[in-house]
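The values are calculated or read from the model by the stated rules, or taken from the named source; none is laboratory data. Here the structure is a predicted model, which is why all the values come from computation and not from measurement. Positions of Cβ are backbone-derived with ideal geometry, glycine not excepted, and every protein chain shown enters the neighbour counts. With ligands, DNA and RNA removed, areas are computed over all heavy atoms of the protein, side chains included. Shrake-Rupley method; radii C 1.70, N 1.55, O 1.52, S 1.80 Å.
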Amino acid sequence: MRNAHDIAIELEHMLCREFGFDGRPRGTIFDADAIETYMFYDIICLLLYRKSNSGWDDFANRICQYKGVNMNQIPEYEKVFDEFKLLIV
């Protein structure tokens, strides 16, 4: 089982590839610490917007209660992340 920080790091790596960061994006919303603390929902939506063909907005609407929520307070963060990965191309 992955913990919240493991998933946040994976999202950080995805963002770095997608937006061309050479190093860690420390101090930005793309940083794993920010993702884990309060940006999980927003980062998922950003990547879905960039990489998904369609149908992601239903998913985003279903999980919108997690906007600004620390990943450690989301009971099924791993399930949400796995579903997100199925939606990206």
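Quick notes on this one:
- Count - residues of segment 33-89 that are farther than 19 Å from A4 by Cβ, within 12 Å of the chain's Cα centre (by Cα) and outside any helix (DSSP H, G or I): 1
- Long-range neighbours under 7 Å by Cβ, at least six apart or interchain, first residue closer than 13 Å to I43 by Cβ and touching a residue at least 12 places away in the same chain (Cβ under 8 Å) within segment 63-79, second open to solvent by less than 40 Å² (accessible area, probe 1.4 Å) and of a type in the set (G, A, S): M71/A4; M71/A8; Y77/A4
- Close pairs from segment 20-34: first among the acidic types (D, E), partner assigned to a loop (DSSP other than H, G, I, E, B) and open to solvent by less than 50 Å² (accessible area, probe 1.4 Å), Cβ under 9 Å, at least 6 apart: D31/P25
- Taken over segment 11-41, the residue count meeting the criterion of being buried (at least 16 other Cβ atoms within 10 Å of the Cβ) and either under 19 Å from D82 (Cβ atoms) or in contact with a Cys (Cβ under 8 Å, 6 or more places away or on another chain) (or both) is 12.
- Count - residues of segment 42-71 that are polar (S, T, N, Q) and surrounded by fewer than 13 Cβ atoms within 10 Å (Cβ to Cβ): 4
- Scanning segment 9-32 for residues that are within 11 Å of the chain's Cα centre (by Cα), under 18 Å from R50 (Cα atoms) and in a helix (DSSP H, G or I) turns up E10, L11, E12, H13, M14, L15.
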